[in-house]
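Chemist: Have a look at this one before I ask anything.
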Amino acid sequence: MLESCTNAETIPSRLELTDISNSVIDGADIFVLSSETSHGHNPLETTKLLAKAIMEAENVFNHDQAYQEMRDVMKSKGKKAHPTDILCSTAMSIALENNVDLFLCITSNGRIAKFLAKQRPMQPILACSVYSNVVRQINSTRGVQGYKIPAYLKRHQSKLLELVLKVAKE
């Protein structure tokens, strides 16, 4: 992504910044720096530069337009749309109309959180699971923060909900 930053100079080219911006707009969840950080002259500055470029691209991203485009694609599919896509699209619609601050998903496999992230909401998504591997996988999805729920709470829904709401407030 930032190959020009492997030498002593930490000024990226316009092309590299455009590539980063386009990747964000296209929905990239993860960016990998390899040679820039493994044998580059200034890996910390390069990483900070990538983070700044990603944040700038996110700031200009039109979330409402992306949601409408996703909704149009779903409508064109008609009955072929996946039920989880329909559920997440409905959640997005409710969130847009009611100024929701956070999406909260309690999940066993991370599917709903990933489908919701595909909608590119402005709000963060807190995905809670009792499975560590699901939380690790979810954390690599754009806009999703995974949280590991203690397994014993799986059978105590009122305590589970109480903990998850407490975490969401933090």
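Chemist: Using a 1.4 Å probe and counting only protein heavy atoms, arrange ARG120, ARG71, ARG14, ARG111 so the residue with the most accessible area comes first.
Modeler: Ranked list, largest accessible area first: ARG14, ARG111, ARG71, ARG120.
Chemist: For the stretch 1-91, which GluC sites (Glu not before Pro) are in a loop by DSSP, counting at most 14 other Cβ atoms within 10 Å?
Modeler: GLU9
Chemist: How much length is gained if the chain between ARG71 and MET122 is pulled fully straight, taking 0.36 nm per residue apart and subtracting their Cα-Cα distance, in nm to one decimal?
Modeler: Working: separation 51, 0.36 × 51 = 18.36 nm, distance 1.58 nm.
Separation in residues times 0.36 nm, less the Cα-Cα distance, equals 16.8 nm.
Chemist: While we're looking at this one, here's another question. For ARG155 and LEU102, what does the FRET efficiency come to when R0 = 25 Å and r is the distance between their Cβ atoms, rounded to the nearest 0.05? Intermediate values should be presented prior to the final figure.
Modeler: Values: r = 25 Å, r/R0 = 1.02.
After rounding to 0.05, the efficiency reads 0.50.
Chemist: Shifting gears a bit: As an exercise, use a Förster radius of 35 Å and the Cβ-Cβ distance of THR18 and VAL167 to find the FRET efficiency, rounded to the nearest 0.05. Before the final figure, lay out the partial values.
Modeler: Details: r = 38 Å, r/R0 = 1.08.
Approximately 0.40, to the nearest 0.05.
Chemist: Then there is this: Using alpha-carbon pairs under 8 Å, 6+ residues apart, how would you state the relative contact order of the chain in percent?
Modeler: 16 percent
Chemist: Related question: Taking the Cα atoms only, what angle lies between the long axis of helix 157-169 and the longest principal axis of the chain, rounded to 10 degrees?
Modeler: The angle comes out at about 30 degrees.
Chemist: In the chain, what is the volume of the convex hull around the alpha carbon atoms, normalised per residue and reported in Å³?
Modeler: Looking at the chain, the number lands at 143 Å³ per residue.
Chemist: Taking the Cα centre of the stretch 1-53 as the origin, how large is its charge dipole in debye, to the nearest 20, when only Lys and Arg (+1) and Asp and Glu (-1) carry charge on their Cβ atoms?
Modeler: On the way: 3 positive and 8 negative charges, 32 e Å.
Dipole about the Cα centre, nearest 20: 160 debye.
Chemist: Right, another one. Work out, step by step, the length gained on full extension between LEU44 and SER140: first 0.36 nm times the residue separation, then minus their alpha carbon distance; give nm to one decimal.
Modeler: Length gained, LEU44 through SER140: 32.5 nm.
Chemist: Where does the chain land at 222 nm, in deg cm²/dmol rounded to the nearest 500, when only DSSP H runs of n ≥ 4 count, each adding -39500 (n - 2.57), divided by all residues? The partial results should precede the final answer.
Modeler: Working: 8 runs with 93 residues, N = 170.
Only helices count here, giving -17000 deg cm²/dmol.
The values are calculated or read from the model by the stated rules, or taken from the named source; none is laboratory data. What you see is a predicted model; the values in this text were computed from it and never measured. Virtual Cβ from ideal backbone geometry, glycine too; neighbours counted across all protein chains shown. Side chains are part of the model used for accessible areas, which takes the heavy atoms of the whole protein and leaves out ligands, DNA and RNA. Shrake-Rupley method; radii C 1.70, N 1.55, O 1.52, S 1.80 Å.
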